[in-house]
Amino acid sequence: MKAFPKFRLTRTAFSYPYIVFAIIFLVAPLILVVFYSFTRQVDNYSVYKDFENSPEVIMDNLDFIGYEEDSALSGIGTYYYNGESLTVVNYREKHPETYEIFFADGKISLIDEYEGDELIDENLDNVKFLNRLTGIYFTIDNFVRFFSNGDSMKVFLRSLYIAFMSTVFCLLIGFPTAYVLSKMKEKTRNVVSVMFLLPMWINFLLRTYAWRTLVEKTGIINTILDSVGLPAQNLMYTRGAVILVMVYDFLPFMILPIYNTLIKIDRSVIEASYDLGANHYRTLFHVIFPLAIPGISSGVTMTFVPAITAFAISKIMGGTQCATIGEEIERVFNSDMWFGSAMSVIIMVLMLASMFLISGRNGDSDDIGGGLI
Amino acid sequence: MAESIIRLENISVALGGEQILKDLNLNINDKEFVTLLGPSGCGKTTTLRIIGGFQRQDSGNVFFADEIINDLPPYKRNVNTVFQKYALFPHLNVFGNIAYGLKMQNVPKQVIEERVGEMLALVNLRGFEHRNIQSLSGGQQQRVAIARALVNNPHVLLLDEPLGALDLKLRKEMQIELKNIQVKTGITFIYVTHDQEEALTMSDTVVVMKGGEIQQIGTPQDIYNEPKNAFVADFIGESNILPGVMIEDYRVMICGILFECVDKGFDNNEKVGIVVRPEDIEIKPEKEGFLRGVVRSCVFKGVHYEMTVEQINYPYTWLVHSTDAAQIGDTVGMCFYPNDIHVMKGEDIDYSVFSAVPKDEAEETEE
Ligand SMILES: Nc1ncnc2c1ncn2[C@@H]1O[C@H](COP(=O)(O)OP(=O)(O)O)[C@@H](O)[C@H]1O
Ligand SMILES: [Mg+2]
């Protein structure tokens, strides 16, 4: 008899809960979203009768895709799909005749298989009921719609612009800050980095609302301007306001990874640069900056990704004129989750591609350290 | 007299509340191969960093060709460094590393390529231009570091234990190569090591340091043959160090026997330290030696046998290198000649730490 395999508590065993967690909460929703993005549900049914084709011709063109119990019709609904439209054939016990229910281009046709009779009211009720249960079919319509629809493209490009500008400003502020921090003495450095991290402990919505009270029409900045006799500025509901708050919110995510790579740079490498005749600026440009690229790229990813999908900030600071793709997805998702899913899949692919590009470019210098925090 | 290229004048440095260099004075002549030798932590790297401009001294002056360069930043000094752990640029390939110094001086591209080619030939790395730094062995990285530092044609090259990470065979090869490079280029080398053999084989001048102070400066022969104090004697090769009394010029009393020697200039009857190198002692039959002792151990070391001989009537155990083996337990005679006796000022020598240890301690350690 074979010995029962013993469970051994190895180090890998500790990762199992996480793997299970990942499957349940990451992989499953991901699969769902991808599935939704490639499907649609037939909606806006109206009923008409197919007079042109005989039921045999219709049936010949159909592929069986599955069936479902239908209690209201007290029978089995069988689903067919011909590439364009969905057909449900329902064998009813109530009536001796069998009706075909044909969905074409989002519309339903009911066919009396035997007699070509018109439908009775009773069946119409049943058809309405059927709509709720059925009608999922595969399509790339959602994606086509995104790229052919000027509105969603516009929102998308606007979010790209806002996220890009926020990332650029974060980098412009973050790199010098991280550099100065890394040069500080250990004690001051700790104090200062806490000051940078402190805002992260405040709820992010609260922080955003705090900014709103600052830049509102009757807000603090305008009050001050007013008291000095300067004209009030219209800051709210502009892209500038959205970018400002995004930079404020995401700056720590830029500073930290850069700072982490900077403090890991071997001091003697920098000295070697001075030794070989490079002054401080040239050393910064030729040695420190290239060696900080892993940190910069993870900083860029960590600001760009949340910036492009963020929707609370643009909603609070930007109003409807500055709706970002995150906001758009949220809005669309409520009414049309298939289109919404496709939008989020597009964003996701874009993110992955850009991350791949960024990290692939300096993949061979991984051992310098840095990377994510 | 050769002209001075680097001069340190009364240099003192404290780091972290600790005095690292104490009133250091050092003159280095042009085209010389100078080695700073001393145990780990004695301040060799700090001395180099002061010359390179990476460390500011608390007091004292640094001269370059008789000009004070205290305030000159490293990138303006005509000095280049081979760093202790190479410190190559990890984001550049071999070519990029070597070309860096020239690029910083805005040398035209064509000249850079030429010079890098020359440097690669000098360090035997032709064809390695496009190799990644991480893909090189320790010895190859070392060569890149040397080429990178030499490409700027510095007046002075500072080398901080450049061979420390290499295995013995490679180290020996590189010692010869480095010496050749120094002769070929005529660049002043200031070389740091804690390996006395390396220092003796490569240098024109050896500077022995201890605890932030210079112990002795001299040619390798001087340092070896005429150690100024017990520390130098012990640090440079193995030694038997024991107390003696200088009766008068050229006469010294060791273990109750009057020896002739080549030293003079001490007070009559001054207490001194005596250094006798293990290889200078001859093992003779019992009757023929000046000193008698019992062989306690005899280990074959390749070229010679290393023996410890416990002296009869005196609490010393002598270290002897001899080409002939002796039986353990035999009583033998030991003799040495006036040339082999090195006398040094020695009021406060702690003899217990040296090779000629008192008897009881030697026994303890043997168990
Ligand atoms: N930045 C520093 N802060 C405090 N102590 C230091 C510092 N750098 C070096 N030291 C101390 O100075 C002494 C000499 O160092 P170093 O010049 O590197 O010695 P060596 O190169 O001869 O081994 C050592 O004891 C070391 O601990
Ligand atoms: Mg050192």
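The chymotrypsin sites (Phe, Trp or Tyr not before Pro) found in segment B:93-148 include none that occupy coil by DSSP while having at most 12 further C-beta atoms within 10 Å. Taking amide hydrogens as placed 1.01 Å from N in the peptide plane, the amide H of B:Leu158 sits under 5 Å from those of B:Asn80, B:Thr81, B:Val82, B:Ile190, each at least 5 positions away in sequence or on another chain.
Over what distance in Å are the Cα centres of segment B:162-189 and segment B:68-140 separated? Comparing the Cα centres of segment B:162-189 and segment B:68-140, I get a distance of 17 Å.
Distances between placed amide hydrogens fall under 5 Å for B:Ile20 paired with B:Val13, B:Ala14, B:Leu15, all partners being 5 or more residues away or on another chain.
For segment B:3-57 versus segment A:259-284, the inter-centroid distance based on Cα atoms is 23 Å. When the helix-only estimate is applied to chain B (DSSP H runs of n ≥ 4, each -39,500 (n - 2.57), divided by the residue count), what is the mean residue ellipticity at 222 nm, nearest 500 deg cm²/dmol? Using -39500 (n - 2.57) per qualifying helix, the result is -7500 deg cm²/dmol.
Using the Cβ of A:Met246 as centre and a radius below 12 Å, the other residues enclosed give a net charge of +1, where K and R count +1 and D and E count -1. Amide hydrogen proximity for B:Gly346: with H placed 1.01 Å from N in the peptide plane, the residues at 5 or more positions away or on another chain lying under 5 Å are B:Gly273. For a Förster distance of 41 Å, can you work out the FRET efficiency between the beta-carbons of A:Ala353 and A:Ile263, rounded to the nearest 0.05? The computed FRET efficiency comes out at 0.85. Apolar share of the accessible surface for segment B:4-223: 48 percent from carbon plus sulfur atoms, 1.4 Å probe.
In this simple spin-label approximation, A:Phe333 and B:Glu213 carry label points 7 Å from Cα along the Cα→Cβ vector, and these lie 7.6 nm apart.
Placing R0 at 41 angstrom, the Cβ-Cβ distance between B:Gln19 and B:Asn339 gives a FRET efficiency of 0.55 after rounding to 0.05. Hey, in the GNM for chain B with a 10 angstrom Cα cutoff, which one of B:His194, B:His91, B:His321 fluctuates hardest? Taking springs between Cα atoms under 10 Å, the residue moving most is B:His91.
The values are calculated or read from the model by the stated rules, or taken from the named source; none is laboratory data. This one's a predicted model, so the numbers in the text were calculated from it and none came from an experiment. Every residue, glycine as well, gets a Cβ built from its backbone with ideal geometry; the counts of neighbours run over all protein chains shown. With ligands, DNA and RNA removed, areas are computed over all heavy atoms of the protein, side chains included. Shrake-Rupley method; radii C 1.70, N 1.55, O 1.52, S 1.80 Å.
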